[in-house]
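Working notes, beginning with the structure itself.
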């Protein structure tokens, strides 16, 4: 990983926010006597990275929520394509390291939304059949052409 702040900013914005917040806090601990509110600046910089992480987590939930149907609905597929685009735009290696291990907690929330949506479409069996634990891998969820239904031999146009 890059060590220069300007390169880290380009390569992994989330990691840069963490690095810069830590540097600001070190300055505050050293009792730097400048005109900056270092502690609040550190919090704000850190929050910028957290917003990026939250956006990725939210979009992953959307992908999961719209993935359980055996025959994906076209509007759900459009939503998933949009969510994957947002993930691709915001994901960094550091965000992935934070988000991937927490996939099961994101799955639980998305599973509940998927269950309710399936019930709204009259698919009680599909809603009841949703796995309790996350059956998806992170790489599958973000892959452009991957759909859970593909495991059943279906195509996007079926």
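Being at negative phi and more than 14 Å from the chain's Cα centre (by Cα): is that true of residue 57 here? So residue 57 does not fit the description; no.
Remark: residue 6 matches the filter, which requires a residue to be free of Cβ contacts under 8 Å to residues at least 60 places away in the same chain and either closer than 30 Å to residue 108 by Cβ or surrounded by fewer than 19 Cβ atoms within 10 Å (Cβ to Cβ) (or both).
Restricting attention to region 29-52, does a residue exist that is buried (at least 16 other Cβ atoms within 10 Å of the Cβ), touching a residue at least 12 places away in the same chain (Cβ under 8 Å), within 30 Å of residue 135 (Cα to Cα) and in contact with a helix residue (DSSP H, G or I) (Cβ under 7 Å, 6 or more places away or on another chain)? Checked against the condition, which is being buried (at least 16 other Cβ atoms within 10 Å of the Cβ), touching a residue at least 12 places away in the same chain (Cβ under 8 Å), within 30 Å of residue 135 (Cα to Cα) and in contact with a helix residue (DSSP H, G or I) (Cβ under 7 Å, 6 or more places away or on another chain), region 29-52 yields at least one hit. Applying the criterion of being farther than 16 Å from residue 98 by Cβ and over 20 Å from the mean Cα position of the chain (by Cα) to the residues of region 9-28, the residue that is surrounded by the fewest Cβ atoms within 10 Å (Cβ to Cβ) is 26. Residues that are exposed (fewer than 14 other Cβ atoms within 10 Å of the Cβ) and either in contact (Cβ under 8 Å) with a residue 24 or more places away in the chain or in contact with a strand residue (DSSP E or B) (Cβ under 6 Å, 6 or more places away or on another chain) (or both) within region 122-139 comprise just one, 133. Residues of region 109-143 that are at pLDDT 90 or above and not in a helix (DSSP H, G or I): 130, 131, 132, 133, 134, 135, 136, 137, 143. Among the residues of this structure, residue 104 does not count as one that is free of Cβ contacts under 8 Å to residues at least 40 places away in the same chain, surrounded by 14 or more Cβ atoms within 10 Å (Cβ to Cβ) and assigned to a helix (DSSP H, G or I). The condition (being farther than 30 Å from residue 124 by Cα and free of Cβ contacts under 8 Å to residues at least 24 places away in the same chain) is satisfied by just one residue among 55, 23, 94: 23.
The values are calculated or read from the model by the stated rules, or taken from the named source; none is laboratory data. Every value quoted in this text rests on a predicted model; they were computed, and no experiment measured them. Glycine also receives a Cβ, built like all others from the backbone with ideal geometry; neighbour counts cover every protein chain displayed.
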